[in-house]
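Below is one structure, written out as structure tokens; comments come after it.
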Amino acid sequence: MKELLTLTAHELMAKFAAGEVAPEEFYALQMRFARHIEPKVRSFLTLAEDGVSPPDVAARDGALWGVPVSIKDLLTTTDFPTTAGSRILEGYAPPYDATAVKLLRDAGNYFTGKTNLDEFGMGSSTENSAYFPTHNPWDLARVPGGSSGGSAASVAALQSVVSLGTDTGGSVRQPAGFCGVVGFLPTYGYVSRNGLIAFASSLDHVGMLARDVTDIALMMNTVGRPDKLDATSQAPADADYLAEMNDRESVAGCTVGVINQMMDPKLVSQDVLVACEVAIRVLENAGCGVKRVDLAGVERLLPCYYILCPAEASSNLARYDGIRYGAGFPADISRTLQQHYRAVRSPGFGEEVRRRILLGTYVLSAGYAEAYYNQARRVRHAITEGIAEMFEGVDFLLLPTSPTTAFGLGERIDDPVKMYAADICTVTANLASTPAISLPGGLSPDGMPIGIQFIAPQKHDGRLLALARLYEEHAGTGYSVPPLVAEELAGFEE
Amino acid sequence: MEYEAVIALEIHAHLKTARKQYCDCPVVNTRELADANRYVCPVCLGHPGVLPVLNRESVILAMMLGIRLHADIARHSIFARKHYFYPDLPKGYQITQYQTPLVEGGELEFLVDGEMRTAQLERAHLEEDTAKIFYQDDGSILLDYNRAGVPLLEIVTKPVFRSAAEAVAYAEELRQVLRKLGVSDANMEEGSFRCEPNISVRPVGSDELRTKCEIKNLNSFAVIRKSLDAEIARQIALYEDDGEVQHCTLRWDEEHARTVPMRIKETQADYRYFDEPDLPPLVLTDDDFAEARRRYESAMFTLEWDGKEHRFAPGTARLTRFFLDNTELRESEVAVLLEDEDALRLLFASNEISGAFRECANWVLMEYRPRRAEAEGNITPQHIADIVALRADAKLNSTQAKEVFALCFERGISASDAVSELGFDQVVSESDLQEICAQVIADNDKIIADIRKGKEQAVRALLGQVMKLTRGKAKPDEALAELKRQLGM
């Protein structure tokens, strides 16, 4: 039965429907294998215990009924502690479920646990987790990417069929690319942020990871719903992403723009460039037009992103003061207020989080806000307009998900600027609030997955999935079980 | 040198909404520690991952005040985060409006010693309240988040007041306006109306704005007035001594009757404002304007006077002026009536029937209001008009009239039914009067003796007894004539 673990969600649901395996049976198997391989990969901060309450059978119509889902530990859950990968929230038990979590729960999904991440989503390698790093299932000496590294590893390593992640500057797509799975960033406001522990609110999206595009559409059908608890929610109430994905007409003869500046050999490694050129030919063979386009101001993308996001982070993380919950609670009243804040916040936050709080506080301060924060907002506005203008000439954009394949654990951790550079290809979609998707685009000569990224105009999520499905069919480079995982599976005794 | 004060007021008023500003928690003003933290949720406690959702009712209420002040109401305004660390601030920032307030400019008329003045306003914007802090005797500090997230309207004037009396008169008027609009309970003791003046002084004739000081935590109008007067004196004394006023926040020290610094503001606090990314811009629709306008108009005060309908914007200054100009009411009486709309309406309705305004006013002020403090009662304008008429026709003396009023109040029966039930309509027959007078004369040997000795005024004492025995129904002149006849005077 263990070969079932390699299936996608929709294949698995067909087995459920045919009565070949019961969801609870599969879930038990899923959890046994997840635990079996966990010491190698370390995807989870919290793995579900045996005997968690089964999903509500009444919800049998749920798009993903009975499918085990892992959840990034930046989304609140009432049945698992939620840490955001931080010491400051160690043992924190949220009083409510994130909206996306609740929608999955109501649709009858099993949860496998809470996945590891860079603290508060701040990082591109999952090495900034306050607890431990996660390993790439393709090469345990490399990072899985970040910040949703645990989510990506859990899907690639067969510990979960799909996963809920979050993406502020690439945190779903980049680890999906590094781990050889599909990662989707919906349009801003298409999945409720309620319960997404805020990092940079105007850039934060809930996203999802799966083994193919169809599973992404099914996830979107469950979680891509309007929410009264999120004032920025703008999801269409009755969208059917599966139907939109299957609407080939919507992408027949479409034009895909390839951003020249993102294909610059100075920026992007040779392996990745080759994979992108292959992807371009795949699209041409599938009947798409391809056009080379220029994106102005590429050199401003990272500075803009790395001003706005620490600024918002410094504000969002101000609430962690140990007064109502979290580390430091209840407060020791023998300390002065200053001493209390220092005692809670200094050890509570890791180095990268402290760096961004300091940066963010600085760029928002009187006298500096104009030169940094306000300037960055204007740049963001210009980038958004530039992207919108590009979409007047093309239907989609193609670019790598990352300039390189997964780098080694420890390789960049001491060089934040080099670490930030890994985000150059992904921040554009967040800055422009557009949907984007990363798809497996084959392996590098050294056997590491390469991610191919597509971006669509705002609110064209369904059409983006249609293009992604078209590519997936023609590329033939979809998810494959990493050799190391296949080995573990072979040795796994049910 | 002669100095004048330059005062601006910053007033925080709780908006009268059922729910908090950014979450669904009910707004309940609890006082007891035992009730602390009953009306809280993850949103107003600032839990990880929560998002604010704007309470539209607070917007409509703020718009109503904007209409009242003839201010500009922004069709498009944005929210901002104002950052500082304090335990009463759950998120580490307050969601407020910074660059684009909902209400901008405007003015409010108010009366000082019967004279109409106008205060110019700077702005009014929406924000949220903080938690309450309880400092315990054992040194512990307790936090009550029931108040955290309660909708606040911050209403700021330009530096337009030249004396404590002016500032207080404006604040009193604004409080009335908020109450009459139904926008706020505006109760100072309960903290739903908090007034923070800032003050500087300058030589009379100058138009400079000198360094100002703020006074916080003032919980009554009397304290505002005292603290402003003391602060004005303190600043003048400093300048007279060739000193400088330092920008600071002060509090009122009641014991020593002086303002004392809370903390020196050497530099402007850096609140690191930026636009709230969790709330889209507040865009007002025509429907919002229509609703605010409709609710504003239904809060206007309508009065029948001289057969004409008069409409007054919610507030007291204009109404007071109208009463002083058109009626015989004194300013203190107007103040009482404007606080008591039932009484005011009763007075005007009675007057519409009776036309005797002053008499109606006396009944409303002296008889109706004290009784209504005890019980609801059943008094209608017709009762008051009828009783006034009975008195004018001398059908009742004042004691009888009060008894009739009391009965009407208690049972709601008509004045004429009350008069007959009390027997005040029966006339004493001539024979009865003769008999009663004879009896009074027979029972009062001592008084008779006095009269015989030439103290003729003593006959008045006998008259009093006759009136008492007839329960006031005898006509005093007839009774006096009969007594004199029997006594042979």
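Each reported figure results from applying straightforward, stated rules to the coordinates on display, with no laboratory input. Everything quoted here is computed from the prediction, not taken from an experiment. Cβ atoms come from the backbone with ideal geometry, glycine included; neighbour counts cover every protein chain shown.
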³J(HN,Hα) computed for each position of region B:346-357 - Karplus, 6.51 cos²θ - 1.76 cosθ + 1.60, integer Hz, glycine/proline x: 4, 4, 5, 5, 4, 5, 4, 7, 8, x, 9, 4
Cβ-placed point charges (K, R +1; D, E -1), dipole of region B:430-487 about Cα centre in debye, nearest 20: 260 debye
Shielding by other protein chains, A:364-371, mean Cβ within 10 Å: 3
Degrees between helix B:164-181 axis and first principal axis of chain B (Cα, 0 to 90, nearest 10): 80 degrees
Candidate lysines for bridging to A:Lys72, where Cα separation is under 16 Å - those fewer than 8 sequence places away on the same chain excluded: A:Lys102, A:Lys114
The protein assembly as shown, Rg to Rh (Cα coordinates; Rh as Kirkwood inverse mean 1/r): 1.18
Ranked by how many other beta carbons lie within 10 Å on average, peptides A:103-116, A:326-339 from highest: A:103-116, A:326-339
Peptides ranked, highest mean first, by Cβ atoms within 10 Å: ranges A:28-38, A:256-266, B:325-335: A:28-38, A:256-266, B:325-335
Listed residue (B:Tyr239, A:Ala98, B:Ala474) projecting farthest to the positive dipole end of the protein assembly as shown, Cβ model: B:Tyr239
Distance from region A:101-117 to region B:144-171 (C-alpha centre basis), Å: 48 Å
Helix-derived mean residue ellipticity, 222 nm - over chain B, DSSP H n ≥ 4, -39500 (n - 2.57), to 500: -11500 deg cm²/dmol
Of all DSSP beta bridges in chain A, antiparallel share, percent nearest 5: 65 percent
For region B:175-204 and region A:186-219, distance of Cα centres in Å: 46 Å
Neighbouring partner chain Cβ atoms per residue of A:192-201, average, 10 Å criterion: 4
Point-charge dipole on Cβ atoms (K/R +1, D/E -1) for the protein assembly as shown, about Cα centre, debye to 20: 820 debye
Sequence-separation-based contact order of chain B, relative, with Cα cut under 8 Å and 6+ spacing, percent: 14 percent
Count of lysine pairs in region B:171-294 with Cα separation under 25 Å (8 or more residues apart, or interchain): 5
In degrees, nearest ten, helix B:317-326 long axis to first principal axis of chain B (Cα): 30 degrees
Mean residue ellipticity (222 nm) of chain A, computed from DSSP H runs ≥ 4 via -39,500 (n - 2.57), nearest 500: -11000 deg cm²/dmol
Rounded FRET efficiency, nearest 0.05, which uses the C-beta distance separating A:Lys40 from A:Asp414 and R0 of 25 Å: 0.50
Reachable lysines from A:Lys2, criterion Cα separation under 21 angstrom, eight or more residues apart if same chain: A:Lys15, A:Lys40
Where labels lie 7 Å past Cα in the beta-carbon direction, separation of B:Ala237 and A:Glu3 in nm: 9.6 nm
Unsatisfied cross-links (Cα-Cα over 27 Å) in the set B:Lys82/B:Lys132; B:Lys402/B:Lys453; A:Lys459/B:Lys16: B:Lys402/B:Lys453; A:Lys459/B:Lys16
Within region B:3-283: Cβ-based charge dipole about Cα centre, in debye rounded to nearest 20 (Lys, Arg +1; Asp, Glu -1): 760 debye
Ordering of B:125-138, B:287-300, A:85-98, A:127-140 by burial proxy (mean other Cβ atoms within 10 Å per residue, highest first): A:127-140, A:85-98, B:125-138, B:287-300
Average partner coverage of B:37-48, which counts Cβ from other chains inside 10 Å: 5
Partner lysines for B:Lys455 [C-alpha distance under 21 Å; skip if fewer than 8 residues away on the same chain]: B:Lys446, B:Lys484
C-alpha center-to-center spacing [region B:47-105, region B:290-320] in angstrom: 28 Å
